[in-house]
């Protein structure tokens, strides 16, 4: 990409643990700063979307997620937030091409993504907002939370 921004990563659909390349028949993406054509957007095939739904239903029925205790799930979400933080420049670059918004703005938003997840987890742990409804169902209540990141203040509603 122009001006030293990282190249966009290849989009791969993740379906039932396997990655596949989507059809590249979407709209032309342009560098918002130069107008240069960057390539076509990736579009998932309808059969891939259906396979992903079936795989997600299978995982939900297996209780692989709900069988984990609240601490294990919040630990996993914390790890996810750490990855968001590590990849914020890559996310900002993808967002600027996708939306046409200047990268200085998308960097601000990408920089705050991990804060949202970390704060939701911290708030849930602090207030013990997990309540089990049945053997394989859990309800996580998080009220509107005002939080302050190093970049801005905002109001978010989050759930685990």
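The values are calculated or read from the model by the stated rules, or taken from the named source; none is laboratory data. Quantities reported herein were computed from a predicted structural model and do not represent experimental measurements. Cβ coordinates were reconstructed from backbone atoms using ideal geometry, including for glycine residues, and neighbour counts include every protein chain displayed.
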Output the number of residues of region 91-110 satisfying the condition of being farther than 10 Å from residue 32 by Cβ and more than 13 Å from the chain's Cα centre (by Cα). 5
Residue check: is residue 51 modelled with pLDDT of 85 or more, outside the structural domain of residue 101 (by TED's automatic domain parsing) and out of contact with any helix residue (DSSP H, G or I) (no Cβ under 8 Å at 6 or more places or on another chain)? yes
Based on what the data block shows, is residue 83 closer than 21 Å to residue 13 by Cβ, touching a strand residue (DSSP E or B) at 6+ places or on another chain (Cβ under 7 Å) and not assigned by TED's automatic domain parsing to the domain that holds residue 19? no
